[in-house]
Every structure is written in C-alpha cells, then in structure tokens.
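> Just passing along the structure, written as structure tokens.
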Amino acid sequence: MGFISNQWLNRGQGVRTKSYHPVPVRISCEKSTTAWSHRNGAKVEFIARKPDWQYQILHLTQEDADNVAATVVSAMTQEQRDKLAANLALRMSQDARVALLADLLSGLDLKRRVRPAARDKLLSELLGGVAADLRKPRRQSRHS
C-alpha cells in the first residue's frame, strides 16, 4: 500500500503541517493509451486508488518517466532488479548486448576470483556465444 497527499501542498508546507494527512492507497502503473494522453505527451500513468474506489492519476511525460526511472529501480528489491535487468537485456540490440558483455568482462577480476582453467573455460564459452551472435544475420530490432 502506498500513500498520496489529500491536498495540493505548497513548497515548504510538507509533512510538518498539521493539515497534511497522507491517505492510504493502492498504486498501479500502466502505459498511457488514451487519446488525451497521446495529445498531451503522457507516456505512463500512476493510478492511486482509495478503498472506496476514488482515485487520482499522475500522468508522466517521457522526460518525467526517464527522470524518475533510476529512483524507482534503486528502491526495488534485488530480486526484482535482477528480473528487470534480464528483461531489458532480452530487448537490447545485438550490438548493445556485445558492448554490455565487454563492459562486464572488463570489470571482472578473474585472475583472483577464478582458477585459471575455469577462467579460460568461462571466457571461451562467453566469447564463443558472442561470436555465434555476431555470425547470425542481423535483423533490425524494434527497440534499437
């Protein structure tokens, strides 16, 4: 359960004001699909519903969504971040996946953490997989 303010707050008014009482709500999030949303550049909607089904909607533009994404991800559990990362990796272009793998490999200190034989096998398998990816015919990705 989340909370939403029961009124508009002025700068500095904040939670110290006695008239401010957060109201418990259930929060959901959806991609914006309405004509109004499209006309106004809204990409994401957060819907806050009270138990009596009254609700408020927060519409985010692409810029707003991009600005809050890192904060939302940082507040997620590690398990959910791992699931999100796997989902995003599947949607990456082939070139972006190769670049990510190269970045990850360059950051590993495999000499200290893995026995040489295991390190060589790991690197061989990873590079073999990348090579196989690179040999595949390239398709234009919808997400690239």
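> How much length would be gained if the chain were fully extended between L104 and I47, taking 0.36 nm per residue of separation minus their Cα-Cα distance, in nm to one decimal?
16.8 nm
> Using modelled backbone amide H atoms (1.01 Å from N, in-plane), which distant-in-sequence or interchain residues come within less than 5 Å of K43's amide H?
Correct list: L60, T61, Q62.
> Can you list the HN-Hα couplings for the stretch 62-70, worked out from phi with the Karplus curve (6.51, -1.76, 1.60; θ = phi - 60°), rounded to whole Hz and with x for Gly and Pro?
Karplus values, whole Hz, x for Gly and Pro: 4, 4, 4, 4, 4, 5, 9, 4, 4.
> Would you tally the net charge around D64, using a Cβ to Cβ cut-off of less than 14 Å, leaving D64 out, and scoring K and R as +1, D and E as -1?
-1
> Let me ask something additional. What are the ³J(HN,Hα) values, in whole Hz, obtained from phi via the Karplus relation 6.51 cos²θ - 1.76 cosθ + 1.60 with θ = phi - 60°, for each residue of the stretch 30-39 in sequence order, with x given for Gly and Pro?
Coupling constants for the stretch 30-39: 9, 5, 6, 10, 7, 4, 4, 4, 4, 5 Hz.
Read-outs: derived from the displayed coordinates by stated rules, not from any lab. No experiment lies behind these values; they were computed from the predicted model shown. Neighbour counts are summed over all protein chains in view; Cβ atoms, including those assigned to glycine, are modelled from backbone coordinates with ideal geometry.
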